[in-house]
Amino acid sequence: MLAAITVAGVGCERSASYGVSAPVNQLKRGEGVYASSCLVCHQHDGSGVPGFQPPLQGSSIVAGDPDRLLEVVIRGSAALPEGYASPDGEDYAAEMPGFVALEDDDLAALLTYIRATWSYEGPVTPGQVRRGRAKLASDEPRPAE
């Protein structure tokens, strides 16, 4: 978590081991969103709960395209690709809810925090979240008239 991240310059924090930089305020905000929305299921260290929720550590979704991670956070586990295997290969009973109600700034901070903490990937901006959210909205099926 943030305890494992050291200050690397004005306004940025950097993972001591992996050299990932992100704005200090975004990482701290993301840590807060994670604590209130994700921690119970994915745990403080991203290890998940055996048989209940998968780990974030080693997840190809966390380490991959931020648009895919955004889709999973917004739509929940229903957005996982068919045949997705968790990092540890286990099956998990719980369904992850979607967090569509989170503001763009909060989603960007959350995704930045998750990626910086468990995949050592770079930050996600609110602009990326807005564009991703708009694309997801256009992909949703239209109700029958």
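Computed from the coordinates by the stated procedures, all read-outs in this text should not be read as laboratory data. Remember, predicted model here, so these are calculated numbers, not experimental data. Ideal geometry is used to build each Cβ from the backbone, glycine not excepted, and the neighbour counts take in all protein chains shown.
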Taking the range 40-60 and keeping residues among the hydrophobic types (A, V, I, L, M, F, W, C) and more than 11 Å from I114 (Cα to Cα) leaves V40, C41, V49, F52
With the structure loaded, tell me whether Y120 is in contact with a Phe, Trp or Tyr (Cβ under 6 Å, 6 or more places away or on another chain) and assigned to a loop (DSSP other than H, G, I, E, B) or whether it fails that test.
yes
| query | in contact with a Phe, Trp or Tyr (Cβ under 9 Å, 6 or more places away or on another chain) and free of Cβ contacts under 8 Å to residues at least 60 places away in the same chain, is that true of A85? | reply | no
- Meets criteria (in contact (Cβ under 8 Å) with a residue 24 or more places away in the chain, over 16 Å from V33 (Cβ atoms), part of a helix (DSSP H, G or I) and of a type outside the set (S, T, Y)) for G127: no
Can we say Y92 is closer than 22 Å to F52 by Cβ, surrounded by fewer than 18 Cβ atoms within 10 Å (Cβ to Cβ), in contact (Cβ under 8 Å) with a residue 12 or more places away in the chain and aromatic (F, W, Y)? no
